[in-house]
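Note sheet for the following structure.
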Amino acid sequence: MGKKKRKHKQKSVRGEEATAIVGDVTINDFANSNVCPRKPKKCDVNGVIKLEPQSWDEYNENDYEYVEERSEDGSVSLVAKKKDKPREEAAICKTEGNEYPYDIWQLLSEYIRPEDVGRFSGICKACYSVTNTARFWQLMYKKNYVNKHIPEHLRPRNVSRMYGIRTLVIKSLFFMYPPYVERCKVDTYKDNMDVLLKRQCVETCVELYKGKWYYKFKLQRMKEIRRQCSGLDLIEMLEDISANNEDDCMLLKIVSLDHFLIPPLEGMYLTSIRSKLGQDMSHYNLHLRFSTTSCHAHRPVDGGDSIHVYIDPVYHIEILDWWHSRYPHIYNMKLSLNQE
């Protein structure tokens, strides 16, 4: 006996229901067929709605716009299309406030503590302008000046000039201002030496001092070099209060009892720094890797474009910012050993 073939029931679509399908589907698609050739897309059904004569006024006129469309067979139908809702604009707080003159903020700046300068400058544009004046930093220096042992270039007679006065005052505060002096006693980067990665080596120094070998690596974060205008005014350069040759510089200082040969590293980038405890549990082993480019910081480089530096044993590691009181303020780092 042959297998009976199952007959699939085909759903018929009435002509009136076919006309309710709009969008890309036309009446001709259903004029001579009892089966819908394809299922209409959901976007077609939701985007365009066929209006029936008895219920067209039930739709909200604010949500739809009524358009007459002419099909291929020449029939005209009235359809409602959803309007594009405009994006709701964020509510803007229009609270009224008082705008004080510049002189008021200048008087208030005389009572600002060094650790509150950033907060004060963020109040308004006038406050920001006050903190960018040489007068503000000169008063900050005079309020906190203490006749202590501070470097010669941070003495009061050197703070009278405008060029780089902000940098000089910040450095001097870490010698005179008690909260900042206490901050220098804490090793901030003891467990976070990764802050040195991707920095370019600017200068290296190896020197013997009191029976110990000091290895110093001056590393700087390189920024995008901007082309200077040909008509740059020399007067404007000399009046730049925020000039800082040590900007974004950090110093890696390593103390060891043995001498190791350090190859030329100027212009290379530090891509890896690792330290581990030695076998005798009394010193560390330090491994530094320098590369010609900073793009290899997250993958190993074993080619000829990298230099490995091993220092063992290491008895002390210190990382200093440019504003630190123990950061060498002399251009030649060899002479800075006499400051310790």
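Tabulated data for the structure shown
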{"item": "Cα-Cα pairs of the range 102-183 separated by more than 14 Å (percent)", "result": "61"}
{"item": "Placed amide H near SER272: partners under 5 Å, 5+ positions off or other chain", "result": "ARG289"}
{"item": "Net charge of Cβ neighbours under 15 Å - reference LEU234; Lys, Arg +1; Asp, Glu -1", "result": "-3"}
{"item": "Sequence of ASP73, ASP240, ASP321 once ranked by neighbouring C-beta atoms within 10 Å, starting from the fewest", "result": "ASP73, ASP240, ASP321"}
{"item": "Whole-Hz ³J(HN,Hα) from phi, Karplus 6.51 cos²θ - 1.76 cosθ + 1.60, for the range 155-169, glycine and proline x", "result": "6, x, 5, 9, 9, 6, 7, 8, 5, x, 5, 4, 5, 5, 5"}
{"item": "Integer Hz, Karplus 6.51/-1.76/1.60 couplings in order for the range 314-323, x for Gly and Pro", "result": "10, 9, 7, 10, 9, 10, 10, 7, 5, 8"}
{"item": "Within-12-Å neighbourhood charge of GLN138 [Cβ basis; K, R +1; D, E -1]", "result": "+4"}
{"item": "Local electrostatic count at LEU154 - Lys and Arg +1, Asp and Glu -1, tallied over other residues with Cβ under 11 Å", "result": "+3"}
{"item": "Cα gyration tensor shape of the range 132-282, rounded if a/c is under 1.5, else prolate or oblate by comparing a/b with b/c", "result": "oblate"}
{"item": "Long-range amide H partners of MET222 with built H, under 5 Å", "result": "GLN200"}
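None of the figures in this text is laboratory data; all of them are computed from the coordinates on show. In this text, all values refer to a predicted model and were calculated from it rather than measured experimentally. Positions of Cβ are backbone-derived with ideal geometry, glycine not excepted, and every protein chain shown enters the neighbour counts.
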